[in-house]
Amino acid sequence: MLRVVMFGTPAIYWNDNKVFFPFAKMEAVLYYLLVEGECTRDKLAMLLWGEKADQDAKKNLRNTIYSIKKMISPELFITPTRKMISLNNKLIYATDIELLNTDVQDFLQKQSGEFLENFYCKDAELFDDWVMGKRLEFKEIMITRLTSGILNFIHNKQYTDAKKHIKQLIKIDEYNESAYRLLMKIYEREEAFYKVTETYHKLEKKWADELNLCPSNKTKEIYARVAQQHKQRLDALEHITKFARDLTIIWR
């Protein structure tokens with residue numbers, strides 16, 4: 001069975017043994033078909049050997065597929081027609097993309113890093129473009145699924161789970177001011193005023209240092225409101241403390 005890791009440092013395992021390919025384009029064929037499903041031979045040849053003449057590109061693809069079959073299994077590829085090619089799903093045990101599509105929380109706990117991180121194919125600009133496009137697409141999927149989970153947790157007042165998801169969202173989308181603002185609002189509801197201040201200053205510093213920007217008025221309003229609430233609470237506490245101290249002096 002084939003098990004494939006595609007986020008972070010990519011790796012391919014056959015019967016739990018890591019497969020070491022002599023050429024990156026052998027791996028690239030598998031990664032592409034695992035993500036896209038079936039593909040025409042012409043498109044796959046162009047994707048990886050686009051700089052070569054058409055016949056040479058097709059020949060390289062044939063040789064690559066033959067070599068992969070020899071290393072892994074002669075039944076790994078399915079060719080429903082002479083032009084089309086795909087992988088035999090019966091031989092695929094698991095990929096981390098399946099986990100992303102079913103449980104984003106579990107996916108983020110188990111995986112770290114971008115899609116095909118640090119994976120590079122020489123002279124395959126079209127393949128590199130595809131990888132970059134998929135990185136953006138998968139990032140959007142993660143953001144959408146996390147956001148949906150956050151809204152559901154907040155609706156059900158499950159603030160602990162909501163905060164966990166928001167922090168993961170910020171880790172993925174580090175300039176997402178709305179996520180910071182939502183985290184501040186939850187801390188405000190919990191009356192954890194110092195965490196509101198801490199979160200605001202973290203955002204403020206990051207934006208100033210990296211973007212030369214400052215938080216929006218909406219975010220500033222939350223910070224100012226919480227700062228005022230915190231001040232009022234401290235003033236009330238100081239008043240109570242002074243009153244208690246005065247009573248102690250009187251009763252002496």
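Among the residues of segment 111-167, those that are in contact (Cβ under 8 Å) with a residue 24 or more places away in the chain and on the phi > 0 side of the Ramachandran plot comprise GLY113, LEU116, ASN118, ASP123. Listed by first and then second residue, the pairs with beta-carbon distance under 7 Å, at least 6 apart or on different chains, first residue in segment 32-56 and closer than 17 Å to CYS121 by Cα and among the acidic types (Asp, Glu), second open to solvent by 40 Å² or more (accessible area, probe 1.4 Å) and at pLDDT 95 or above, form an empty list. Among residues of segment 71-89 that are without any contact (Cβ under 8 Å) to a residue 60 or more places away in the chain, those with a beta-carbon under 7 Å from a residue that is hydroxyl-bearing (Ser, Thr, Tyr) at least six positions away or on a different chain give the pairs ILE78/SER86; LYS83/THR40; MET84/THR40; ILE85/THR79. Of the residues making up segment 27-60, those that are farther than 23 Å from ASN118 by Cα and of a type in the set (A, V, I, L, M, F, W, C) are CYS39, ALA53, ALA57. Which one is most open to solvent (accessible area, probe 1.4 Å) among residues in segment 180-212 that are touching a Leu at 6+ places or on another chain (Cβ under 8 Å) and touching a residue at least 24 places away in the same chain (Cβ under 8 Å)? Among them, the one singled out is TRP207.
The helices (runs of 4 or more DSSP H) located wholly in segment 19-138 that include 2 or more residues which are closer than 30 Å to GLY149 by Cβ and open to solvent by 40 Å² or more (accessible area, probe 1.4 Å) occupy 96-102, 104-110.
Among residues of segment 1-20 that are of a type in the set (Val, Ile, Thr), those with a Cβ under 8 angstrom from a residue that is surrounded by fewer than 19 Cβ atoms within 10 Å (Cβ to Cβ) and in a loop (DSSP other than H, G, I, E, B), sequence gap 6+ or separate chain, pair up as VAL5/GLN111; THR9/GLY113; THR9/GLU117; THR9/ASN118; ILE12/VAL19; ILE12/PHE21.
The values are calculated or read from the model by the stated rules, or taken from the named source; none is laboratory data. Remember, predicted model here, so these are calculated numbers, not experimental data. All Cβ positions, even for glycine, are placed from backbone atoms using ideal geometry, and neighbour counts span all protein chains on display. Protein only, heavy atoms only, side chains kept; ligands, DNA and RNA dropped before computing areas. Shrake-Rupley method; radii C 1.70, N 1.55, O 1.52, S 1.80 Å.
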